[in-house]
1. Could you please let me know if Asp274 is under 26 Å from Glu147 (Cβ atoms), modelled with pLDDT under 95 and among the acidic types (Asp, Glu)?
2. For segment 288-298, state whether one or more residues are closer than 28 Å to Glu407 by Cβ and touching a residue at least 40 places away in the same chain (Cβ under 8 Å).
3. Looking at Glu339, is it more than 26 Å from the chain's Cα centre (by Cα) and over 30 Å from Gly230 (Cβ atoms)?
4. Specify which of the listed residues (Pro295, Pro258) is in a loop (DSSP other than H, G, I, E, B) and crowded, with 18+ Cβ neighbours inside 10 Å.
5. Pairs under 8 Å by beta carbon, first residue of a type in the set (D, E, K, R) in segment 361-374, partner surrounded by 12 or more Cβ atoms within 10 Å (Cβ to Cβ) and part of a helix (DSSP H, G or I), six or more apart or different chains?
6. Quick test for you: out of Val330, Val312, Val337, pick the one residue that is surrounded by fewer than 18 Cβ atoms within 10 Å (Cβ to Cβ) and not in a helix (DSSP H, G or I).
7. Is it fair to say Arg251 is of a type in the set (D, E, K, R), modelled with pLDDT of 95 or more and crowded, with 19+ Cβ neighbours inside 10 Å?
8. Look through segment 142-159, keep the residues that are hydrophobic (A, V, I, L, M, F, W, C) and either under 20 Å from Ile119 (Cβ atoms) or out of contact with any strand residue (DSSP E or B) (no Cβ under 6 Å at 6 or more places or on another chain) (or both), and return whichever of them is modelled with the highest pLDDT.
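The values are calculated or read from the model by the stated rules, or taken from the named source; none is laboratory data. Remember, predicted model here, so these are calculated numbers, not experimental data. Don't worry about glycine lacking a Cβ; one is built from the backbone with ideal geometry, like all the others, and counts go over all protein chains shown.
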Amino acid sequence: MAVTEASATAAVEAVFRIESARIIAGVTRIVRDVGIAEELAQDALVAALEQWPESGVPERPGAWLTATAKHRAIDLVRRKETYARKLAEVGRTLEDVQPPGPDDIAGADDIDDDLLRLIFTACHPVLSTEARIALTLRLLGGLTTDEIARAFLVSEPTVAQRIVRAKRTLGRAGVLFEVPYGADRAARLGSVLEVIYLIFNEGYAATAGDDWLRPGLCEDALRLARVLAGLMGQEPEVHGLVALLELQASRTAARTGPDGEPVLLAEQNRSRWDRLLIRRGYAALERANALGGAPGPYALQAAIAACHAHAVTYEETDWAVIATLYGLLVKAAPSPVVELNRAVAVSMAEGPEAGLALVDALAGDPALAAYHLLPSVRGDLLARLGRADEARAEFVRAAELTRNARERALLLARAEKEAEEGGAPR
């Protein structure tokens, strides 16, 4: 049944946003090029915009788009001079392909393996971190170039260049459209998890700009993590990452005030934490632990987040357990940032003096030279020790280093508070 052009357009855009990753994945298996696959997926979208107002929205619109894109991919392969070689790669299944019909559509979205291949391709270590993030959000997140640019506060041409260069790099490097196995699998999976984690973190605590949170990025990362868990259910660290993101995302509503200002963990109204996300986080962490082996970095971070979620109030937090977990995390994934977080946990479990000693030991680490949270943490510890003037200086330094306007305002407010107290006994 025919529908209005406006309703057909809305349906196409909604379905394409949801299904674009699967469509591109299925087409990439045929053409072996993610750039061409994305173009063919866009061609299918145009076909839907032309046909659906007349023919009506199909019963399974995502499958229709997939079948149409695959048919165009097969036509493209056959037109190439290298047809014989490509046909041998793709297999005899292409020999008598007809335009998409009911049978094609019925099985068109049965491409979980292709989707997993696309995830590993977009997150390939041959690409820079920025390129992996942009390509992942484009191909798997369904975001437009403009949306990615706005999310990361860079220009649209910059993002477009990153995506184009990423596709060219994959082609020049001869990256195969496959799921890696053996020793290569662990290394490649680490790259995939890192990309999803970085996307979430940018949404959870934006590095720059006027907003403290960008919930859209958190949602995109969480959706990707859930998809990956569905595809790689036997990988404990995949479930560990899902658990971490679910638990962190549960705090979103409580992390900003009425005007968008940051609300620190100690001051958050925990009744606003999302209990459904917390339960999902617990369940994912249980799955990660049930698969056995030593917990990985993401599972350990999820266990730390679970400790916070278990505490009804900030004062009831089991900081001794958290400090122990950070000690394990330092061994599993050593970094000065993890050491800094451990120092905070130790300060809460053993007192600010113990924490300050650990922080001061990190002061000369070049990796933290421009890291605003180092003076921020030090300022907090000094404030707890009643050393107000020193604390104020640290908060001012932290404010100078951060690129986020909301965080800068918070740090300057804390500096002003210490200036007013002027070292008065606590």
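1. No, not satisfied.
2. Going through segment 288-298, the residues closer than 28 Å to Glu407 by Cβ turn out to be 297-298.
Filter again for touching a residue at least 40 places away in the same chain (Cβ under 8 Å), leaving 297-298.
The answer is yes; a qualifying residue exists.
3. On the way: more than 26 Å from the chain's Cα centre (by Cα): no; over 30 Å from Gly230 (Cβ atoms): yes.
Against the criterion (more than 26 Å from the chain's Cα centre (by Cα) and over 30 Å from Gly230 (Cβ atoms)), Glu339 does not qualify.
4. Pro295
5. Asp365/Pro336
6. So the residue among Val330, Val312, Val337 that is surrounded by fewer than 18 Cβ atoms within 10 Å (Cβ to Cβ) and not in a helix (DSSP H, G or I) is Val312.
7. Yes: the conditions hold for Arg251.
8. My answer is Val159.
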